[in-house]
1. Local charge sum around Tyr490 (other residues, Cβ-Cβ under 10 Å, Lys/Arg +1, Asp/Glu -1)?
2. Test of understanding: what is the full-extension gain from Glu331 to Arg222, defined as 0.36 nm times their sequence separation minus their Cα-Cα distance?
3. Using modelled amide H (1.01 Å from N, peptide plane; none on Pro or chain starts), what sits under 5 Å from the amide H of Glu632, excluding residues fewer than 5 places away?
4. Roughly what angle does helix 292-306 make with the longest principal axis of the chain, taking Cα atoms, 0 to 90 degrees, to the nearest 10?
5. For labels at Glu145 and Ala761 in the simple 7 Å Cα→Cβ model, what's the distance in nm?
6. Between Arg453 and Glu368, what FRET efficiency follows from the Cβ-Cβ distance if R0 is 45 Å, with the result rounded to 0.05?
7. Give, in nm to one decimal, the length gained when the segment between Gln460 and His189 is fully stretched (0.36 nm per residue of separation minus the Cα-Cα distance).
8. Among the lysines, which have Cα under 20 Å from the Cα of Lys904 when same-chain residues fewer than 8 positions away are ignored?
Amino acid sequence: MNPLVPDFIIQQDALGNTEGSFTGAVLMIDIPGFTELTEKLMQHGRAGAETLAGTLRYYFDPLIAAVHHAGGFITNFAGDAFTALFQDTPDRKVAEYVLGAALSMRDLFAEHPERDTPFGSFPFSFRMGLSWGSVEWGIVRISPERAYYHFHGQALAACVAIERQAQKGDILLDRALCDRIPPASAKYHGEGVYKLGDVPTPRLPQVPRNAPPGDGAAFVARGVADMPPEGEFRNVTSVFLSFEQIPSFAELTRLLHELSELYGGTFTGIDAGDLGIAALIHFGAPITHENDNDRALDFALELKKRGLRQMRLRAGITRDVRYAGFNGGTERHEFACIGRATNLAARLVAKAPWSAIWADEQVFRAGETSYQWTTENIFRFKGFDLPILVYSLERRRISVQKEFYDLGLIGREQEIEQLARYVGPIFEGKPAGIVYIDGEPGLGKSYLVQRFRHRCEEHQNERPFLWIDARCDQTLQSSLNAFEFALKEYFWESSALGKEEKLTNFDDAFEYLLERLPESQSALKRELERARSVFAALIGIRWEDSPYERLHPKLRYTSTLSALSFVFLAEASLQPVILHLEDAHWADEDSLEAVRVIARACRGLPIAIICTTRRKDDGTPVRIPLDPGISEKVIELKPLPREQLLALAVPFFGGPMPDMLATLLCETAGGNPFFAQEILAYWLEDGRYGSSSSSISISNTFMPPKNVNSLLISRLDRLDAKVKQTIVAAAVLGREFDLRVLALMLPDASVLEEHVRIGEAQCIWSQMTERRFQFSNALLRNAAYEMQSRARLQELHRLAAEAIESLYGDDLEDQLVALGRHWRRAGKVDHARRYFLAGARKAAARYAHEEATRLYRVYFKLSPEPTPESVVVRYEFARDVLEARNRYQEARQEHIRVLTDAQKLGDRASEALGFLGLGRTHWAMQQPDDARTYWEEGLRAAREAGNLPAEGLMLASLGMAYAVQGRYDAARTLYTRAIAIERQIGNRREEARLLAEFAKLHRLSGHPGEAEALQEQAAAIERELGAS
């Protein structure tokens, strides 16, 4: 069965019937208050829209079941309402079955008068109309692949009139149906209408629902079957039409089909309901075209112009972001665009006079410059709190050509020469400093750098050089992320390699560097050798008890920065080096610090740093503070001038463009070469160039888009649905993605190779390594990602997280942040919290404090209420990150929060940690009396809770405080008790630390012999730990 098409229509189509009539019952049910509910939920974006659709399904599923159990079928849905028909048959008393269905629906709302949602509880009720009489139906076959159906007739018209009179909770009937149900079931309500009383729901046997032959695919509009079940979010312009005095349903259907196809709208059929004969055409879903708003307006004007003999029409046009998906229930639903704008379009068309085309302000603003409008008035509409300004569409304006571009703007060839001039000194053995390439998305920053690189590579034999790409990641922004990427390439690493292969490749690349350094660089060789484990750790290769692992966290960070400077220092002493920091506006603070360290270390050597970047949100340029004397140059990319934009079109068209198209291209692209190429590709893909259609003007045929995003969505929509699904899954992984992870996310991994090939051919992505690909443009990746519904994104992020866990198994250390992000967006907070915490601890251990701070903050955001774990984690954050960076005031605030959260939980053990941290921060801020008071209070809390580790730390802290005051005997007693606790709990490392502190105390108090013995005990423990 096809849930998008009535069983009755599929049956009749299979029999070859195209029209007919029958006698039977009509049931129309409406859920009042839908517009108000829509407005409230739409304020919550995706989550609100999906809650709205889910709420409709919650009620529609049992309502639809009641229809099917009574032997009926649903003809169409209209927002919160639907119409059902029940064909008369001698096999059963159809009227009584209809009555049973209506009473079942009444019972549903009695049992579920409210729906609880994440945004509050919403009351629901119903009103219903029932009638009996003749129903006419028809099938209009446009082609073997496309057909439409319609229902109308006396019974439907009667039911519409009856349902309008119904109030909340009413079930109204006409006389014809009332005569066919048990006496006394309904009472006279007035004007030939009867109201059903409080009668029990009859128990009738369920009518079997037999699957009709055929699949009904011809009755489903293009693109609808490819929509994900969860729907998507689209910016949609909707044209709601109402007709009077039509020549025939078939003629009107054919006209609407023709114009919808011509202008790219989605037309699903004609409805005979409360607006009379009506139709709703959506522009922007399920298929997005360029400039959907203009298409909708041109469609309405063309329809009004062509008409059909004496037919009258009126239109209501609205535009907004809406949930484009399926309205109804599981067994029966229809494609719909759900939202405030759809309801408003219905209100507009109901109020508009005949021959008028009314629109809301969104439509007017989008088409203000291209169309002639008049302002109608401000109206109040049922279901809308505020009055709404309405505009009337008159005609399309005649475009006037304008010169938009200054002929003196610099072209890309000159900018490449400028870049070559700025970088040139490195080929003479001199430093080139830093070169910024500033420009908005799509202006060609990456293209410019790549062309320059290729030019340099053409002369590689005469002028050898090393190019190092350091790409900044918008999503992860982990510490030194850009240089982690750069070094993985430098040391021949790949995510596809196993641990042993990675280590072998690393060792080979490292030895190759050392072998190339001359004897005069022996000191640098020694520094590099000492930093070997640091380089390895940065690219994810760790081994137990390595020099890196033995370093204090603070030294790990500084050692990593030094190691980075050593490798650039080594390479720059051998050959010119170009470091390309791509998308520097996404760089983490540690990567920027690394640039500063490298520039300082390589002063005087042939190295150039190229930063591609765009301005910050506040409009200021991205600049890295470097030491005085280091050269800084800026190349600012401006929009391309007209002649250069048109030169881009020559390869597409094989010669100059027609003047009309040249003007459209320049006006639309705004000098953006990426945008221009996308428009040109769209025209050629659609076969628009050279179109000979006489039914539409050239400007309408080509209708270039007003923004890049809508064009990119249009480009994706033109791909095969399965290819598009693969692209969307890849977009969830980020700008770069691993084919192995992507394969695990797909329902059928066998298609991946073909889809990857198509993506490369369509310039959607390009290959970086054997298994790693990158989207060709961040805008394209973002368009694919943002067009998905929240539910669909949640599912894809879940698949991504499971794929990464499956692929990497126990080796997840480098995937912690990515897993946290995926599980968070999948709505699995517990999983996300665990990975973000692990990532934060890893970053803190590397002394990557900016990254650690960000990850700890995410963890806390996912833990809105305190838990025993979150209290301890907050203490860790204050101790290991804030205190480590001497941010004592911030650390103090976090320790106060530890204290208050622990008290809220009644957790004395964690309270002790809060006092311990407060004592430590006050001590660091030169407030010893306050520190001692906190430690004494903490000691009491630790003892009450039986928290021996905290008690030991508190005793040691107090011992230190007394030693500084010269109270050596008291300090000696406290240290002795603290060391005994550490021995009792088996914390050998802390025992060694306290023994060393105790040794210092004995030296200060004049007992050098005891001090030496204690120091030897500490050293013995350290040796023992180092050997284990």
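1. So the environment of Tyr490 carries a net charge of -3.
2. Details: separation 109, 0.36 × 109 = 39.24 nm, distance 2.07 nm.
Roughly 37.2 nm would be gained on extension.
3. Sorted by chain and number, the residues that satisfy this are Ile434.
4. Its long axis makes an angle of about 10 degrees.
5. 1.9
6. Once the sixth-power term is evaluated, E becomes 0.50.
7. Separation in residues times 0.36 nm, less the Cα-Cα distance, equals 88.2 nm.
8. Partners within reach: Lys861.
Where a number appears in this text, it was derived from the coordinates with a stated rule and is not lab data. Only a predicted model underlies this, so the values are computations on that prediction, with no experimental measurement involved. Using ideal geometry, Cβ is built from the backbone for each residue, glycine included, and neighbour counts are taken over all protein chains shown.
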